[in-house]
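**Student:** Dumping the structure here so I can ask a few things about it.
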Amino acid sequence: MSAASLVGDILRRSGLSQAELARRAGLPRSVLNAYMRGNREPGADALLRIAGAAGVRLGLEERRPPVDPQRASFILNQVLGLAEALPYRPQAELAYPPLKDRLGKPAPA
């Protein structure tokens, strides 16, 4: 969640106007508006003041990894196994197109 969406969510939950929330938090309304639009990033102290003025409590939660490590390991092993099963045909030389100058003529070697 971005700081802008967090400040917007605090404002919605408070039921206050933007001007009233800014006044209670001790901030200019233009600064609160800049936070909400993402033009400025509030510091932790500003977020706490805004939340406190809205009567909302901010808290921290333990973040869970988006992917289960055991499942990710299983899938990775499957992919690597499939990659090893692919036929390997080494090429003797890389096939790059010949270089040309600005006029489209072959460049000297």
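**Student:** Sort 5-16, 51-62, 79-90 by packing, meaning the average of other beta carbons within 10 Å per residue, with the highest value first.
**Tutor:** 5-16, 51-62, 79-90
**Student:** Got a sec? How would ARG24, ARG102 order by Cβ neighbour count within 10 Å, fewest to most?
**Tutor:** ARG102, ARG24
**Student:** With the crude spin-label approximation of a point 7 Å out along Cα→Cβ, what separation in nm comes out for ALA19 versus ASN33?
**Tutor:** Roughly 1.1 nm, to one decimal.
**Student:** Between ASP45 and LEU82, 0.36 nm times their residue separation minus their Cα-Cα distance comes to what? Let's see the in-between values first.
**Tutor:** Details: separation 37, 0.36 × 37 = 13.32 nm, distance 5.15 nm.
Length difference between fully extended and current span is 8.2 nm.
**Student:** Determine the relative contact order of region 3-54: mean sequence separation of Cα pairs under 8 Å and six or more apart, normalised by residue count, in whole percent.
**Tutor:** Working: 50 pairs, mean separation 25.9, N = 52.
Contact order relative to length: 50 percent.
**Student:** Same structure again: Calculate one ³J(HN,Hα) per residue across region 93-101 by plugging θ = phi - 60° into the Karplus curve 6.51 cos²θ - 1.76 cosθ + 1.60, and present them in order as whole Hz with x for glycine and proline.
**Tutor:** 8, 6, 9, 8, x, x, 6, 10, 7
**Student:** With axes computed from alpha carbons, what is the tilt in degrees of helix 44-54 against the longest principal axis of the chain, rounded to the nearest 10 within 0 to 90?
**Tutor:** 50
**Student:** Taking Cα atoms, how many degrees apart are the long axis of helix 69-85 and the longest axis of the chain, rounded to 10 and kept between 0 and 90?
**Tutor:** Tilt relative to the chain: about 20 degrees.
**Student:** Relative contact order for the chain: what percent, with Cα pairs under 8 Å and sequence separation of 6 or more?
**Tutor:** Here the relative contact order equals 22 percent.
**Student:** Under the rule a/c < 1.5 gives rounded, and otherwise a/b versus b/c splits prolate from oblate, where does region 1-45 land using the Cα gyration tensor?
**Tutor:** Cα axes put region 1-45 in the oblate bin.
**Student:** Sticking with this one: Would you compute, from DSSP H runs of 4+ residues alone, the mean residue ellipticity of the chain at 222 nm, taking -39500 (n - 2.57) per run and dividing by the full residue count, rounded to the nearest 500?
**Tutor:** About -16000 deg cm²/dmol.
**Student:** Which FRET efficiency value, to the nearest 0.05, is calculated for GLU93 and SER73 with the Förster distance at 41 angstrom and r the Cβ-Cβ distance?
**Tutor:** With R0 = 41 Å, the Cβ-Cβ based efficiency is 0.60.
**Student:** When N is the residue count of the chain, what does its C-alpha Rg come to as a fraction of 2.2 N^0.38 Å?
**Tutor:** 2.17
None of the figures in this text is laboratory data; all of them are computed from the coordinates on show. The structure displayed is predicted, hence computed values, not measured ones. Backbone-built Cβ (ideal geometry, glycine too); neighbour counts: all protein chains shown.
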